[in-house]
Amino acid sequence: MVALILTVGLAAVGGKLVILQSLQAEKYLKLASEQRELFINITPRRGTIFDREGEVMAISEDVTTVYATPYQVRQRARTAKKIAQVLGEDPDDVEKKLAEHSGFVYIARKIDNNIANRIKKMDLPGIGFVEESKRSYPLGEAAAQVLGVVDIENDGQAGLELYYEDILGGKPGEVLLERDAAGNPIPGSEKRRIQAVEGVDLELAMDKDIQICAENALSSAVERTGAKAGTALVMDCNTGDILAMASDPGFDPNDREDIEPASMRSRAITDVYEPGSSLKIIPAVAALEQNIVNPDSSIYVPSQLQVTDKVFKDAEPKPSRYMTFSRIISESSNVGTIEVGLQLGRERLNRYFARFGLGHKTGVDFPGEVGGLVPRLSEWTGTSVAAMSIGQGISTTALQLASVAGTIANGGRRVYPHFLKAKVVGGGVVDMGLGGLGEEVVSRDACKKLTGIMEQVVAPGGTAPGAAVRYYRVAGKTGTAEKPIVGGTGYSSTYMATFVGFAPADSPRLVALVVLDEPTPIWGGVVSAPVFSEIMGFSLQHLKVPPSWGNPGEQ
């Protein structure tokens, strides 16, 4: 009986060993590894973002994360009270974290090292520390929508931080160690180490001084006119370098407690609107290139013009009269522009819209760009040519409109806007070759003629003398466009006020644009043009662009 019992017992033990060591071997090997092995992630340094002059716009700073191993914490209430005093938090909230049934819990993420060191000196059982990094934006609200933000793990969530995540973020590393029963790493037990790859520093085409000027001027204009929002940008018309892009309202990426989602949009890229009269430069340059008109061509402009079932008038009532083509554009006559647009015809007008890239994305290096809307030619109605000639029934982004003006400014070549200028690698700068100029869209001769006409817009008697810049010749165009009714048909009683232009007109370098959403008064030449003047004047002098005028004080 004893032998039988021993034999059965031995068989049971043997069977259990077979099950454990063969059938269930992987399960228990995994459990043992989880108990014994410790993976430590190595967070890479995120790349720094500089402006074109080497000024820091976004940088990662060293911080400390405080965590707890709850089952190792002694005197939980006393420990919670000590930590809460340093962090300025409620002791009950800290104690709840220490009471969690977990082997790891965050107490405070990414706090200042000086604060963390005060907790370290207490030498509290069960409390640990991890060195991490936190994204900081030294310029505060400046360029916040362009730069974007990162999350708590330092992953890009918006703006250039998101678009260039693969370059800025680097690749995380990992260390595999063995730990003892208390959960502490065993010295010399390192099994594997994968080095982190640090993020690459980036140099932008932006200029922080021009950016700050644009934001201050735009913010003041929004407050002064009671506008809902505003957009401004400055771009090099010969390279596509975006030197500044401002949106109001803005936000501070260093303080993300109460950020309105709308304030995070870079409106020049993500929002579309009907540009109104500012788009007249396209049918104007098309008519000049097609020899339909010359700047001094005399055109009969009636007081109103009926096209199929719609009557078009100028913004201010005018009697029937003859006007030169230059005056039609400089005084922004709707009826006169429509007369020329009808001579141009639907096929040619549509072709020039396509040449200038309307209805398509510019390809700017930024997430969330929209392409605007140009109806397909088959969808055009009897009034489409008339309406689109004066910027109605067609939508663009502010960046698209600035690119159109930039094409006129540089003599007819397509502009490809961009933010990134170079990578900073190994102490050197590697130009990324983004943006620049593309194919010829329109002839240099037509652009030169239109530039002369656009200079008259800024001259006394034009629609925007307030856009003039001291010592420099300026060419530009105003736009005051009714806003379409959202979700309905027709137009509301609110307006978008635009001024877009470039300077120096005799040797263009910069194109700038200002758009105000529902300002009072409504006219682009009154509210947007002076903001353009302030931004353009500062930008030209900051970049040391030679003046157009021989004698100081002349305009």
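The numbers here are math on the coordinates, done by the rules we state, and not lab data. Keep in mind that this is a model prediction, so the values were computed, not measured. Using ideal geometry, Cβ is built from the backbone for each residue, glycine included, and neighbour counts are taken over all protein chains shown.
For the chain, give the share of DSSP beta bridges that are antiparallel, in percent and rounded to the nearest 5; count only bridges with both residues there. Percentage antiparallel, nearest 5: 95. May I ask you to list the trypsin sites (Lys or Arg not before Pro) in the stretch 200-268 that are in a DSSP loop and have at most 11 other Cβ atoms within 10 Å of their Cβ? Within the stretch 200-268, the qualifying trypsin sites (Lys or Arg not before Pro) (loop, at most 11 other Cβ atoms within 10 Å) are R256.
An ellipsoid equivalent to the stretch 405-555, defined through the eigenvalues of its Cα gyration tensor, has semi-axes of 28, 23, 17 Å when rounded to whole angstrom and sorted largest first. Report summary: the helix-based calculation at 222 nm, which adds -39500 (n - 2.57) for every DSSP H run with n ≥ 4 and divides by the residues of the chain, gives -9500 deg cm²/dmol. With K and R counted +1 and D and E -1, the other residues having a Cβ less than 10 Å from that of L434 yield a net charge of -2.
If every alpha-carbon in the chain counts as one equal scatterer, what log10 I(q)/I(0) does Debye give at q = 0.09, 0.13 1/Å? Debye curve over Cα of the chain, log10 I(q)/I(0) at q = 0.09, 0.13 Å⁻¹: -0.75, -1.21. Measuring nothing but how far apart in sequence close Cα pairs (under 8 Å, 6+ apart) lie, relative to its length, the stretch 208-542 scores a relative contact order of 23 percent. For K449, the aspartates and glutamates whose Cα comes closer than 17 Å to its Cα, not counting residues fewer than 8 places off in the same chain, are E289, D296, E331, E440, D506.
Debye sum, Cα scatterers, the stretch 271-397, no solvent: what log₁₀ I/I(0) at q = 0.11 1/Å? Evaluating at q = 0.11 Å⁻¹ gives log10 I(q)/I(0) of -0.38.
Loop-located GluC sites (Glu not before Pro) in the stretch 480-555 (DSSP state other than H, G, I, E, B) with a sparse environment of at most 11 neighbouring Cβ atoms within 10 Å: E554.
Normalised by residue number, the volume inside the convex hull of the Cα atoms of the stretch 33-175 is 140 Å³ per residue. Distance between the C-alpha centres of the stretch 226-298 and the stretch 134-166: 23 Å, rounded to the whole angstrom. Of the GluC sites (Glu not before Pro) in the stretch 209-284, the ones in a loop by DSSP (not H, G, I, E or B) with at most 12 other beta carbons within 10 Å are E257. Over 30 Å apart at the Cα level, from the set K421/K544; K310/K483; K121/K171; K81/K110; K228/K423, are K121/K171; K228/K423.
Listed by number, the DSSP H helices of the chain that run 20 Å or longer by alpha-carbon position along their axis and have mean Kyte hydropathy of at least 0.0 are 2-18.
Across the options L420, P249, G359, the greatest Cα extent toward the positive end of the charge dipole of the stretch 208-542 (unit charges at beta carbon of Lys, Arg, Asp, Glu) belongs to G359. For the pair the stretch 417-493 / the stretch 80-133, the C-alpha centres are spaced 53 Å from each other. Longest stretch of the chain clear of exposed loop sites (chymotrypsin sites (Phe, Trp or Tyr not before Pro), DSSP loop, at most 15 other Cβ atoms within 10 Å, sites excluded): 105-548.
Rounded to the nearest 20 debye, the dipole magnitude of the stretch 356-461 is 100 debye, with +1 charges on Lys and Arg beta carbons, -1 on Asp and Glu beta carbons, and the Cα centre as origin.
Let me know the charge dipole size of the chain about its Cα centre in debye, to the nearest 20, where only the beta-carbon of Lys, Arg (+1) and Asp, Glu (-1) is charged.
The calculation lands at about 660 debye.
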